[in-house]
Amino acid sequence: MPTITPERRRRVAVAGIALADCGRVDEATPYALHAQAARRALADSGLDRAVIDGLASAGLGTLAPVEVAEYLGLRPRWVDSTSVGGATWEVMAAHAADAIAAGHADAVLLVYGSTARADIKARRRTGNLSFGSRGPLQFEVPYGHSLIAKYAMAARRHMHEYGTTLEQLAAVAVDARANAALNPEAMFRTPVTVDEVLAGPMIADPFTKLHCCIRSDGGCAVLLVAEDLVPDTAKAPVWVLGTGEHVSHTTMSEWADFTVSPAAVSGRLAFERAGVTPADIDVAEIYDAFTYMTLVTLEDLGFCAKGEGGAYFAEKDRVPVNTDGGGLSACHPGMRGLFLLVEAVRQLRGEAPGRQTRRPDGSLPHLAVASGTGGWFCSSGTVILGRD
């Protein structure tokens, strides 16, 4: 590889992507899903495993990514285990892209696997549903302030401030299910209506069941490489054009504005660094643990003004969102951020049969944004991807 200097930073491309088995995967362990996704992504890239010299992994083991690296038979010289919830994988992609551009690694594998659905079933059987309450959380947990309650509070504030309606929030779930109906890998594919969303069992006001993400098993992997390796890859590259990251709060009392997410900062940084605007984007993959998250993230990324997310989502010519069905219908095995990158690349490559988006002139999308959110709007990572 050539010497890297401050005057010459390498371009970074997505060379390989893959999903492990998703949905209900009772026979697999999280490690097995990591391995399955890694093998498939490497095969998709057409590269030899020997080129991988970087690994990013979180959410498994006490020494992640060391344990994952050993399980995969890798000995990376660059690693990252940054864990900021659902935004983890966009933040890791940013770190990996910077490392590759600077010459600290040539090929970084981002890999994730989880049996979240099976794990929660096991905890229910044993009656052990405690997730702990250390640090700042200890001041909220005793009052029943659950994760979903925090999202519900934020949604109610947006409704109060801007007049966002229950029907507008429900439309997000309807759209996600419509996309999932076109995706054979989605866990739930039966279409739903706004009335059905509103009539579902209440989970945390204003969220009924279908306002909330599903719980699934699954895994995926993304291989990022330096431009020097692109001639050896099996498919045309999808380039990492810009990234941004930001953290906000963990204690709700420290959240300055319930209607503004950290994507307002991570998105601005990513667009500035990519040299594009939201108006240039052809497809958006957005973390959707709850319907409100989709609307507020669209606002904060700049697709519409603050408070106009509900109205924008109803527009016929808006940017396509969560084309695989999202966390509301396709899969959500604990942390979904890496799945956003996989679907964005599929759309840019033209590898999403049945749900493939097109530009107004019929051509494939040129630019995509993937924006992950962690915790209860605690963190955000945004990545702009594009093809030549």
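Quick notes
- Condition met for Ala93 (out of contact with any Leu (no Cβ under 9 Å at 6 or more places or on another chain) and outside any loop (DSSP other than H, G, I, E, B)): no
- Residue within segment 104-111 that is touching a strand residue (DSSP E or B) at 6+ places or on another chain (Cβ under 9 Å), among the acidic types (Asp, Glu) and at pLDDT 95 or above present: yes
- Asp282 vs. criteria among the charged types (D, E, K, R), buried (at least 18 other Cβ atoms within 10 Å of the Cβ) and at pLDDT 95 or above: yes
- Ala56 falls short of the stated requirement of being touching a strand residue (DSSP E or B) at 6+ places or on another chain (Cβ under 8 Å) and farther than 30 Å from Leu147 by Cβ.
- All of Val68, Val51, Val25 fail the test of being over 26 Å from Glu245 (Cβ atoms) and buried (at least 20 other Cβ atoms within 10 Å of the Cβ), apart from Val25.
- Residues that are of a type in the set (D, E, K, R), under 30 Å from Ser379 (Cβ atoms) and either part of a loop (DSSP other than H, G, I, E, B) or touching a Lys or Arg at 6+ places or on another chain (Cβ under 6 Å) (or both) within segment 337-362 comprise Glu351, Arg355, listed in sequence order.
The rows are residues; the columns are (1) closer than 23 Å to His332 by Cβ; (2) modelled with pLDDT under 85; (3) in contact with an Asp or Glu (Cβ under 8 Å, 6 or more places away or on another chain); (4) not acidic (Asp, Glu).
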position: Ser130; (1), (2), (3), (4): yes, yes, no, yes
position: Lys150; (1), (2), (3), (4): yes, no, no, yes
position: Glu167; (1), (2), (3), (4): no, no, no, no
position: Val172; (1), (2), (3), (4): yes, no, yes, yes
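- Residue check, Gly350 modelled with pLDDT under 95, in contact with a Leu (Cβ under 9 Å, 6 or more places away or on another chain) and on the phi > 0 side of the Ramachandran plot: no
- Entirely in segment 178-248, the strands (runs of 3 or more DSSP E) that have 2 or more residues that are crowded, with 16+ Cβ neighbours inside 10 Å, under 23 Å from the mean Cα position of the chain (by Cα) and at pLDDT 95 or above: 218-226, 238-247
- Lone unmet requirement of (1) among the polar types (S, T, N, Q); (2) under 30 Å from Gln36 (Cβ atoms); (3) without any contact (Cβ under 8 Å) to a residue 24 or more places away in the chain for Ser253: (2)
- Among the candidates Val111, Val12, Val91, Val84, the residue that is in contact with a His (Cβ under 7 Å, 6 or more places away or on another chain), touching a residue at least 60 places away in the same chain (Cβ under 8 Å) and buried (at least 23 other Cβ atoms within 10 Å of the Cβ) is uniquely Val111.
- Qualifying position, being under 20 Å from Val174 (Cα atoms), in contact with a helix residue (DSSP H, G or I) (Cβ under 6 Å, 6 or more places away or on another chain) and among the acidic types (Asp, Glu), among Asp300, Asp288, Asp317: Asp288
- Enumeration of residues in segment 294-351 that are surrounded by fewer than 21 Cβ atoms within 10 Å (Cβ to Cβ), free of Cβ contacts under 8 Å to residues at least 24 places away in the same chain and not hydroxyl-bearing (Ser, Thr, Tyr): Cys304, Ala305, Glu315, Lys316, Asp317, Arg318, Gly350, Glu351
- Of all residues in segment 265-278, those that are touching a residue at least 60 places away in the same chain (Cβ under 8 Å) and closer than 13 Å to Glu90 by Cβ have Cβ atoms under 6 Å from Cβ atoms of residues that are of a type in the set (D, E, K, R) and outside any helix (DSSP H, G or I), 6 or more apart or on another chain, in Ser266/Glu245.
The values are calculated or read from the model by the stated rules, or taken from the named source; none is laboratory data. Remember, it's a predicted structure, so these values are computed and weren't measured experimentally. Counting neighbours? That spans all protein chains shown, and the Cβs are built from the backbone with ideal geometry, glycine included.
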